[in-house]
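Single-structure report; data block below.
The values are calculated or read from the model by the stated rules, or taken from the named source; none is laboratory data. Only a predicted model underlies this, so the values are computations on that prediction, with no experimental measurement involved. When we count neighbours, we look across all protein chains shown, and the Cβ atoms used for this are built from the backbone with ideal geometry, even at glycine.
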């Protein structure tokens with residue numbers, strides 16, 4: 001059963017993630033980065049619990065560490081020299097900038113992962129279908145085929161392994177050859193599936209003029225309130241970005257603006273915006289548990 005933020009209208013979901021991802025990508029201020037890292041990490045766990053926690057710690061956190069190491073190895077700007085490596089200065093500013101860039105990158109990745117969980121193919125088609133049917137079709141098929149490819153490749157690998165042809169068996173050249181064989185099977189399957197999908201869509205009249213469409217979504221008062229809150233908080237954040245409250249100077253020396261009453265309002269608005277789906281999901285879960293306890 002779908003609950004929480006996912007039950008809101010697709011326009012509300014799309015506008016939220018559009019605002020959040022854009023603000024995350026253009027903000028390098030430490031306070032903004034800490035807020036978006038906390039919110040994206042927390043929401044991914046709220047959506048997928050243990051699987052997201054494992055994914056974030058196993059795949060995303062190493063990206064942050066790698067960025068913090070690689071940036072000072074290639075960028076030697078900065079006035080605070082910590083030490084020299086092969087004659088190149090390793091500066092504190094380069095390390096901090098690497099950490100900031102890594103934080104921004106993994107936050108965006110976690111937001112996109114949450115976007116894929118919330119915005120299914122039906123919602124994508126609903127939003128883009130009337131504006132650009134071809135674009136909506138491509139996006140929905142992409143979202144659909146990625147999990148299908150994974151499942152189909154897993155089935156192919158299991159079938160090959162059962163007859164003694166797993167690509168994890170034998171030497172490196174035998175494994176590579178077997179992997180290419182399984183990959184070729186997957187490509188053949190995908191082409192056949194694409195032809196079947198095309199025939200099915202043609203039979204259903206896709207692309208014909210004046211073709212009607214069915215929608216299960218209805219924009220109600222709850223959606224209007226949520227969209228108004230998202231828009232209001234976004235306007236406050238845009239004003240903050242206009243006055244450069246979302247950025248700092250890293251090179252050659254770190255220069256950060258003073259914290260004022262206006263900046264505090266912008267930070268609180270950014271935190272409130274990013275926490276909207278988390279608060280909604282937690283409230284829905286609390287209401288559901290309360291109803292169960294009363295039965």
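Inside the range 253-282, can you point out the residues that are without any contact (Cβ under 8 Å) to a residue 24 or more places away in the chain and either within 29 Å of the chain's Cα centre (by Cα) or closer than 19 Å to residue 24 by Cβ (or both)?
Step one: of the range 253-282, the residues without any contact (Cβ under 8 Å) to a residue 24 or more places away in the chain are 255, 257-264, 268, 279.
Across the range 253-282, the qualifying residues are 263, 264, 268, 279.
Can you tell which of 185, 127, 156 is closer than 17 Å to residue 14 by Cα, assigned to a helix (DSSP H, G or I) and modelled with pLDDT of 75 or more? Even if it seems obvious, please write down each step before you answer.
Values: 185 fails: closer than 17 Å to residue 14 by Cα; 156 fails: closer than 17 Å to residue 14 by Cα.
When all the criteria are applied, what remains is 127.
Picking from 34, 75, 22, which residue would you name as being modelled with pLDDT of 85 or more and in contact with a helix residue (DSSP H, G or I) (Cβ under 7 Å, 6 or more places away or on another chain)? Give the derivation first.
Numbers: 34 fails: in contact with a helix residue (DSSP H, G or I) (Cβ under 7 Å, 6 or more places away or on another chain); 22 fails: in contact with a helix residue (DSSP H, G or I) (Cβ under 7 Å, 6 or more places away or on another chain).
That would be 75, the only listed residue that is modelled with pLDDT of 85 or more and in contact with a helix residue (DSSP H, G or I) (Cβ under 7 Å, 6 or more places away or on another chain).
Considering only the range 42-71, state which residues are within 28 Å of residue 258 (Cα to Cα) and in contact (Cβ under 8 Å) with a residue 40 or more places away in the chain. Don't jump to the end; show me each part of the working.
Just the residues of the range 42-71 that are within 28 Å of residue 258 (Cα to Cα), to begin with: 64, 67-68, 71.
Once the filter is applied, which keeps residues that are within 28 Å of residue 258 (Cα to Cα) and in contact (Cβ under 8 Å) with a residue 40 or more places away in the chain, the range 42-71 yields only 64.
Considering only the range 1-83, give the helices (runs of 4 or more DSSP H) lying wholly within it that have at least 1 residues that are touching a strand residue (DSSP E or B) at 6+ places or on another chain (Cβ under 8 Å) and farther than 29 Å from residue 216 by Cβ.
61-74
Report yes if residue 84 is closer than 30 Å to residue 53 by Cβ and assigned by TED's automatic domain parsing to the domain that holds residue 28, otherwise no. I'd like the intermediate steps shown before the answer.
Values: closer than 30 Å to residue 53 by Cβ: no; assigned by TED's automatic domain parsing to the domain that holds residue 28: yes.
Judged against the criteria, residue 84 is not a match.
Residues are listed down the side, and each one gets a yes or a no for (1) assigned to a loop (DSSP other than H, G, I, E, B); (2) at pLDDT 90 or above; (3) in contact with a strand residue (DSSP E or B) (Cβ under 8 Å, 6 or more places away or on another chain); (4) not assigned by TED's automatic domain parsing to the domain that holds residue 15:
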{"residue": "208", "(1), (2), (3), (4)": "yes, no, no, yes"}
{"residue": "213", "(1), (2), (3), (4)": "yes, no, no, yes"}
{"residue": "230", "(1), (2), (3), (4)": "no, yes, no, no"}
{"residue": "237", "(1), (2), (3), (4)": "no, yes, no, no"}
{"residue": "245", "(1), (2), (3), (4)": "yes, no, no, no"}
{"residue": "258", "(1), (2), (3), (4)": "yes, no, no, no"}
{"residue": "270", "(1), (2), (3), (4)": "no, yes, no, no"}
{"residue": "281", "(1), (2), (3), (4)": "no, no, no, no"}
{"residue": "284", "(1), (2), (3), (4)": "no, no, no, no"}
